[in-house]
Amino acid sequence: MNNYTKGSLALFTARVLSGLNVNAMGYLLPLWIAPIGCVTLRLVFGAVVFWIVSIFSKPETVAFNDKLKLVALGGVGIFGYMSLYAVSLSHTTPVSFAIFNAMQPLWVVIASAVFFREGVDARKLMGIVIGFAGALLCILSEPNHDVADNPLLGNVLSIAASIIYAIYLVFSARMVGHLSRMTILRYTFSSAAVVALSVTWMVGFSAPLFDGGLKTTPLLVLAFVLVFPTVITYFLIPIGLKYLNSTVVAIYGYVTLIVASVVSFITGVDKFEPVILLSLLFIGASIYFVGVSDRKSAGKSVG
């Protein structure tokens with residue numbers, strides 16, 4: 001198996017789990033657990049698991065500057081993404097969130113240009129414009145309905161989450177070349193967990209899930225979120241970052257959109273509306289224009 005295939009399989013699996021996670025989180029939030037409470041559980045659980053696994057990994061010396069970068073990536077990138085993700089899903093539908101999450105290739109291109117002076121050709125610029133058009137179409141045309149209490153706020157937060165995660169991808173991609181997966185994961189998750197615990201200490205921990213008797217279904221859903229989309233997904237992402245460039249990594253977010261949409265429509269969690277299909281067409285076209293050149297390169301230089 002060549003490196004490109006290895007990275008692609010890792011990213012595909014991670015994004016399928018992420019798509020299922022969108023629906024799982026939509027089920028849990030905010031009925032069974034408050035958004036920040038769920039984020040805190042995910043980050044603390046992930047940090048503990050990654051530190052335990054790292055005990056059995058080869059020791060690695062990490063420069064002080066790299067530690068600072070990893071702490072910042074975790075505290076701002078992972079915590080920022082997960083918290084906005086959770087709050088947005090409390091206000092909008094899983095499909096709408098997944099649509100904006102699929103815009104990550106656009107934000108990756110923009111972040112790479114802003115922070116690392118990478119060029120943006122006419123094709124990518126066209127993709128960015130089309131992507132914004134699709135996002136605005138979805139934001140401005142989605143009415144309030146019984147499966148979302150504040151779609152406009154949720155959609156705006158979804159975009160913010162997507163932007164933060166794209167920035168995280170661009171910067172973390174530059175760390176995987178000289179640091180191991182476990183080093184990156186244990187430092188980023190630890191710093192993110194500290195931030196989450198601090199916020200939870202200030203706002204309180206609310207989780208009806210743990211009040212009263214045993215609630216089997218929500219507990220099983222929470223267990224799935226903790227093990228698969230949190231630990232397994234974040235373990236697989238560095239593999240993709242190592243062997244694929246960051247725009248291709250972000251393009252796999254479209255798999256998340258497809259999985260989340262199909263599951264939502266099948267289970268009746270979300271309603272299909274014509275604007276969703278039109279928005280998908282716009283986002284799909286934008287991703288094609290942004291990623292078509294990057295998909296041809298399989299190098300490990302990213303974003």
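The values are calculated or read from the model by the stated rules, or taken from the named source; none is laboratory data. Bear in mind the structure is a predicted one, so any value in this text is a computation, not a measurement. Neighbour counts run over all protein chains shown; Cβ positions are idealised from the backbone, glycine included.
A single entry from 255, 194, 249, 275 fulfils the requirement of being modelled with pLDDT of 85 or more and outside any loop (DSSP other than H, G, I, E, B): 194.
Here residue 239 meets each of (1) surrounded by 23 or more Cβ atoms within 10 Å (Cβ to Cβ); (2) under 22 Å from residue 43 (Cβ atoms) with one exception, condition (1). The set of residues in region 197-231 being in contact with a Gly (Cβ under 8 Å, 6 or more places away or on another chain), assigned to a helix (DSSP H, G or I) and hydroxyl-bearing (Ser, Thr, Tyr) consists of 200, 230. Within region 171-189, the presence of at least one residue that is more than 21 Å from residue 45 (Cβ to Cβ) and in a helix (DSSP H, G or I) is confirmed. For region 93-117, the candidate set comprises residues that are assigned to a helix (DSSP H, G or I) and small (Gly, Ala, Ser); within that set, the residue that is surrounded by the fewest Cβ atoms within 10 Å (Cβ to Cβ) is 113.
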